[in-house]
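Working notes, structure below.
The values are calculated or read from the model by the stated rules, or taken from the named source; none is laboratory data. Owing to the predicted nature of the structure, the values given are computational and were not obtained by experimental measurement. Every residue, glycine among them, receives a Cβ derived from its backbone with ideal geometry; neighbour counts consider all protein chains shown.
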Amino acid sequence: MDPIGLYLSVPFCRSKCTYCNFASGVYPASFMGRYVQRLCEDMLSAKQFVSAESVDSIYWGGGTPSLLSPQYFRELFRAIRRQWNVLGHAEITVECAPGQLAEETLDAMLECGVNRISFGVQSFMDQEARAAGRLHTRAIAWEDICRVRQKGVSRVNVDLIAGLPYQTQASWQESLDVLAETGADHTSIYMLEVDDDSRLGREVLNGGARYSAPEVPSDDAIAGMYLTAIETLARRGLEQYEISNFARCGAESEHNKKYWLRKPYLGLGVDAHSMLRTEDGGCLRFAAHEGLEEYLKAPGWEQRQRLTRQEELEEAWFLGLRLNAGVDLRKLKAEFGAEALSDCLCIIEDLVEEGLLEKSGECVRLTQRGRLLSNDVFARFLVSAPA
Ligand code: SF4
């Protein structure tokens, strides 16, 4: 049985960022102990339906996992190692908020085997970070990145968001330059999502003035920032390998690659999603409750959905195309059969003609324009999508 990845969600934050649409919040400290206990119980019960004996990646996301105390980190790692054999080369990442990583917590993480740290910086410009509700400055973020590298963590990711209030092409360029100077070996660049799931998104949609909503750059400006990122980061040695992800040679995130390559992973905690393989190679997907109080009562992952072959094929397209390496038609044919793929060939031809996909040999990948319009491209591979 192949090793799986583990994802642990820690939904606690010190304050809620204006753009945040994650299942996270500011909760009383007393919830933390109950949450850790729930996670340990879930690991035990997961063993009933997860046959993998070993894990080769662990990712702590959230939320702000760096707010967990050293004692909770140790307890949770002990629980993980009781249930699974954590392979020696496993990539173990913890998401941290700059300025919210205590020295003793960092020491406990390293002692537990953490070898990669991801900082949610979002902007190195203080005005932008402040307007978005972040609690750090550039100096704090810089100091934290240096601190973890001095402690021997060579693998560091920095998240940035294009489209924050007050951002301009010049300030964005500065954030990218600072990012490159930190020596981070990986970065995730997201474009601001304007939707009903965040306070800032709702304000923008309603034309309101709170959360500096009128200062959000236009869609065209945000698209320009994304293209600037691709170009600047490549010049500074961080090559794009996925729509939102860039890495120095060999520093791609092994855990996140599982999502795009449809390798199995188990998600534990609030709103954590899982994908497991059945014995006959099928694909099971399920998710835990997204509300903390509800989750504390029971994980809520009993509803496990087995995907149809058609759904699996659609996923193979919209997840695989996210990678710059693209989708290998030969591999897809071997997995799903030539007949299942025949309908897709016309779609590919149309998208190539529209300049959204490119095809070389048996490999199909998004063009630069296709990356900006990726959701439209993915929708074309859905059987239920309108013609
Ligand atoms: S720190 Fe992350 S999870 Fe927490 S509120 Fe901000 S964006 Fe959301």
Wholly inside segment 113-189, helices (runs of 4 or more DSSP H) that include 2 or more residues that are aliphatic (A, V, I, L, M) and more than 14 Å from the ligand (Cβ to nearest atom) are 138-150, 169-182
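Going by the conditions given, is residue 330 among the charged types (D, E, K, R), within 16 Å of residue 262 (Cβ to Cβ) and either touching a residue at least 12 places away in the same chain (Cβ under 8 Å) or surrounded by 12 or more Cβ atoms within 10 Å (Cβ to Cβ) (or both)?
For residue 330, the condition - among the charged types (D, E, K, R), within 16 Å of residue 262 (Cβ to Cβ) and either touching a residue at least 12 places away in the same chain (Cβ under 8 Å) or surrounded by 12 or more Cβ atoms within 10 Å (Cβ to Cβ) (or both) - is not met.
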Residue under evaluation residue 61, criteria (1) farther than 16 Å from residue 290 by Cα; (2) within 16 Å of the ligand (Cβ to nearest atom), criterion not met: (1)
For segment 196-221, pairs from a residue that is over 20 Å from residue 129 (Cβ atoms) to a residue that is buried (at least 16 other Cβ atoms within 10 Å of the Cβ) and modelled with pLDDT of 95 or more, with Cβ under 6 Å and 6 or more apart or across chains, are 196/202
Note on segment 93-108: residues surrounded by fewer than 20 Cβ atoms within 10 Å (Cβ to Cβ) and more than 15 Å from the ligand (Cβ to nearest atom) are 102, 103, 104, 107, 108
What's the number of the condition residue 235 fails, among (1) farther than 21 Å from residue 129 by Cβ; (2) touching a residue at least 24 places away in the same chain (Cβ under 8 Å); (3) basic (Lys, Arg)? (2)
Counted residues, segment 47-79 - those being closer than 16 Å to residue 116 by Cβ and among the β-branched types (Val, Ile, Thr): 2
Can you tell which of 352, 364 is of a type in the set (A, V, I, L, M, F, W, C) and either surrounded by fewer than 12 Cβ atoms within 10 Å (Cβ to Cβ) or assigned to a helix (DSSP H, G or I) (or both)? 352
Being surrounded by 19 or more Cβ atoms within 10 Å (Cβ to Cβ) and within 16 Å of the ligand (Cβ to nearest atom) is the filter here; which residues of segment 23-57 pass it? 23, 24, 35
